[in-house]
Amino acid sequence: MWFSTRADSRPYHLGTYPLEVLPRDPALAAVEAARPPVVAPAYDRAAEGPLAVALRDYLGIFAANAVRDPAAAKAPVPDDPQRRMVDVKGYAYFMNASQVGICRIPDSAWCSGAERPAGHDHAVVLLLAHGRVPEAGNPARDWVAPAVQEGADCRIGGIAVCLAGHIAQLGWSAEPHVMGAGSVDAERLAVLAGLAVRDPDSGRLRNPYVDAFSLAVVTTDYALAVDEPLAPAALRAKGPAYWLGINGATSGRERRRRQKRATHLGAYPMETVRRVERPTTLIFDEEVPRVPKRAAFFDRALRGDLGEKAQKERHRFAFKQPHTAGMLPSMRAMVPRQDGPVADGSDAARFGDPAANSRALKSLAYFLGADVAGICEAPAYAWFSHDAQGEPMAVKHRYAVVMLIDQEFDTMEGASGDDWISGTQSMRAYLRGAEIAGVMAETLRAEGFPARAQTNVDSDVLHIPLMLLAGLGELSRIGELVLNPFMGPRLKTVVMTTDMPLEPDLPIDFGLQYFCGNCHKCARECPCDAIPWGPKVMFNGYEMWKPDAERCARYRLTNARGSACGRCMKTCPLNKIVTADGPLLQRIASWCGIHAPFLKPLLVPLAVRLDDVLGKGDLNPAKKWWFDLEVVDGICVEPVKGVNRRRLDPSRRLDPAKQKMAYYPAADMPVPNDLDPQPADRKKAMARAAELETPAGAAARHARGEP
Ligand code: SF4
């Protein structure tokens, strides 16, 4: 209990609810199968309010972009239906389904008149608990209250589309069935797959742990281990064991803690973190240049600046494993929806209070699936100077709503950080972010406010300074990464910019500068030595531990034994999950980090040392659910060059003086509108490293009033 909980050893595919302990009754399968077929479910009412409309739109995007055709050859996966089930359920839980069950499909489960895809005899049933309605007095309540079902339908429908795409990429046929676009009786299949009990009187479904939920289904010819129907006694499952977190499942106490938080506060107690007027790292606003999109290293790779290999891999590096096959078409289809026409006039009486508006957008972010949200004014330097074609860009909106998506702790535990799930971890968060910010922006535009989703696929703003200014983290040794006190570095951002009147948050100080100053674990474990062992420098007006961004991008693009890389996130001691039922030592450490900064000199070296002694950041086999597979020419094969399964290397040291870093300040950035290759001059960039000012030197220069 001090160092770990049974959550560490809970097999990933069991999910976070203890479904495995519930009583089953196989005889109910025949009863359920005997029910007459139903018509395909669809909404029986018009969408009420702008949020419900936006959510139905986005569910439509998912449904229209589903990948159904199987790959031309089958993946080399085991015949064992049990192991396949671990991958399929693991994928669904990774995508944040609340519960997952699998069953065989009786003929009667196909809706009246539906065409049955050949061979589809298995159904994967996905259940998502409905989100919370914001508190009375919160303006978001008017949006959310009539859209609760649409919110869950959209999210679980998106997960079904992604899962079907994954199975199709493995080489089997799969079809997602989502609200309004399906041909199976999802309720009947939920009973058969052990996710619900049917009330004998009303015919309505009841789940042992969740009061209200939405369902989606994937039908397939991929043979999987199946579940059995629940016995009615399962509905009395919320006993002491549930409240204590039986078998490492999330405890009832932790679920209640989350339920009791005001919705605008999000999942983590950011309200307990110390707020400060300025970020804890220097920013000389007038010295921060606006940069063109062409200067980002992934864009440079696309143009050929990093050579042929990086250019070729740029098109596949995050999509060369099967789990992302179902995500890509929807992500692309969401881009044209990121911005759009604004409805005439906004209701000043409803939206005249910036503080209330801010609470509303944070509650909406949480409802839509963001973990935490913060707000800042977006400085001009956060906007790109030129678009991807090199055309000058204007500053569009005053405010930025910055939202964090957790990259999912348990999957990170099972991974090395740079194996064949790494790229999927990023893409899952990017897709979720695009959905959240897209729906939010569409809702605001319908209310008469200009708003644009700024996503990973297409953003007009740099997310890092906005996350810093919105009080969601501090700059870490990893460099161009703002680290959150509760999620650590394990996050992705999505931003929505708008002119709706809002109340900005303040930056935070939770002692990270001291922590990273005394910890080098990310630098030690980085596979390509892109993270500095040395001190912070001034770069483009920012004080930061400056990484070798070119080396980092090149490794992520060309990693041959995995897809992309997030090893720094994986191994950081602050990559943790703090829950009411988590390890006691971790809860104490987290509390001290935030509330007892005077203990830093004592606790930080101890925490860093203990992290290694306890093997934190190492591989946890209980959490590895996925198959390591590589997609080559559209077909899944055993990874050609193998799999990174790195262990920790506590003895590794690098002399900062000997670490060769290359830095590309604004003066050396490529010409924005020259789309031909402009090769990166690494020699010159390495010379630049020696020229950078120290933060103390820059502060003294400013104090003297020198430019
Ligand atoms: Fe900071 Fe250590 Fe995490 Fe790196 S591994 S970001 S140095 S706390």
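The values are calculated or read from the model by the stated rules, or taken from the named source; none is laboratory data. What you see is a predicted model; the values in this text were computed from it and never measured. Glycine gets a Cβ as well: all are built from the backbone with ideal geometry, and neighbour counts include every protein chain shown. Keep in mind that these areas ignore ligands, DNA and RNA; they rest on the heavy atoms of the full protein, side chains included. Shrake-Rupley method; radii C 1.70, N 1.55, O 1.52, S 1.80 Å.
Does A348 satisfy the condition of being aliphatic (A, V, I, L, M), more than 18 Å from the chain's Cα centre (by Cα) and open to solvent by 10 Å² or more (accessible area, probe 1.4 Å)? Before the answer, list the steps.
Working: aliphatic (A, V, I, L, M): yes; more than 18 Å from the chain's Cα centre (by Cα): yes; open to solvent by 10 Å² or more (accessible area, probe 1.4 Å): yes.
When the stated conditions are applied, A348 passes them.
Of the residues making up region 227-276, those that are among the acidic types (D, E) and either free of Cβ contacts under 8 Å to residues at least 12 places away in the same chain or under 30 Å from P139 (Cβ atoms) (or both) are E254, E271.
Residue by residue, here is whether (1) open to solvent by 10 Å² or more (accessible area, probe 1.4 Å); (2) in contact with a Lys or Arg (Cβ under 9 Å, 6 or more places away or on another chain); (3) away from the ligand (no atom under 16 Å from the Cβ); (4) of a type in the set (F, W, Y) holds:
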| position | (1), (2), (3), (4) |
| --- | --- |
| A453 | no, yes, yes, no |
| I464 | yes, no, no, no |
| L468 | no, no, no, no |
| G471 | no, yes, yes, no |
| I478 | yes, no, no, no |
| V482 | no, no, no, no |
| M496 | no, yes, yes, no |
| D499 | yes, yes, yes, no |
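The criterion of being over 23 Å from the mean Cα position of the chain (by Cα) and in a loop (DSSP other than H, G, I, E, B) does not hold for G131.
If you check A64 against the conditions, is it of a type outside the set (K, R), under 27 Å from E187 (Cα atoms), touching a helix residue (DSSP H, G or I) at 6+ places or on another chain (Cβ under 9 Å) and surrounded by fewer than 19 Cβ atoms within 10 Å (Cβ to Cβ)? Criteria met by A64. Considering region 528-553 alone, what residues qualify as being within 14 Å of the ligand (Cβ to nearest atom) and more than 23 Å from E286 (Cβ to Cβ)? Within region 528-553, D529, A530, I531, P532, W533, G534, P535, P547, C552 qualify. Within region 511-522, being more than 8 Å from the ligand (Cβ to nearest atom) and open to solvent by less than 30 Å² (accessible area, probe 1.4 Å) holds for one residue alone: G511.
Every listed requirement among (1) under 30 Å from V640 (Cα atoms); (2) in contact with a helix residue (DSSP H, G or I) (Cβ under 7 Å, 6 or more places away or on another chain) is met by A72 save one, (2).
How many residues does region 1-60 contain that are more than 31 Å from the chain's Cα centre (by Cα), buried (at least 16 other Cβ atoms within 10 Å of the Cβ), part of a loop (DSSP other than H, G, I, E, B) and hydrophobic (A, V, I, L, M, F, W, C)? Total satisfying the criteria: 2. Taking the conditions (1) open to solvent by 20 Å² or more (accessible area, probe 1.4 Å); (2) of a type in the set (D, E, K, R); (3) at pLDDT 95 or above in turn, D153 satisfies each one other than (1). Any residue at all in region 487-494 that's open to solvent by 10 Å² or more (accessible area, probe 1.4 Å), part of a loop (DSSP other than H, G, I, E, B) and within 15 Å of the ligand (Cβ to nearest atom)? Taking every residue of region 487-494 in turn, none turns out to be open to solvent by 10 Å² or more (accessible area, probe 1.4 Å), part of a loop (DSSP other than H, G, I, E, B) and within 15 Å of the ligand (Cβ to nearest atom). For M544, the criteria (1) closer than 23 Å to L475 by Cα; (2) among the hydrophobic types (A, V, I, L, M, F, W, C); (3) under 23 Å from the mean Cα position of the chain (by Cα); (4) crowded, with 22+ Cβ neighbours inside 10 Å hold in every case but one, which is (3).
The residues of region 279-295 that are among the hydroxyl-bearing types (S, T, Y) and open to solvent by 20 Å² or more (accessible area, probe 1.4 Å) amount to a single one, T280.
Restricting region 657-686 to residues that are without any contact (Cβ under 8 Å) to a residue 24 or more places away in the chain and among the basic types (K, R) leaves a set whose member that is surrounded by the fewest Cβ atoms within 10 Å (Cβ to Cβ) is K658. Is at least one residue of region 359-380 touching a strand residue (DSSP E or B) at 6+ places or on another chain (Cβ under 7 Å), acidic (D, E) and surrounded by 24 or more Cβ atoms within 10 Å (Cβ to Cβ)? No, every residue in region 359-380 fails to be touching a strand residue (DSSP E or B) at 6+ places or on another chain (Cβ under 7 Å), acidic (D, E) and surrounded by 24 or more Cβ atoms within 10 Å (Cβ to Cβ).
All of (1) under 29 Å from the mean Cα position of the chain (by Cα); (2) surrounded by 14 or more Cβ atoms within 10 Å (Cβ to Cβ); (3) within 30 Å of S9 (Cα to Cα) hold for L603 with one exception: (1).
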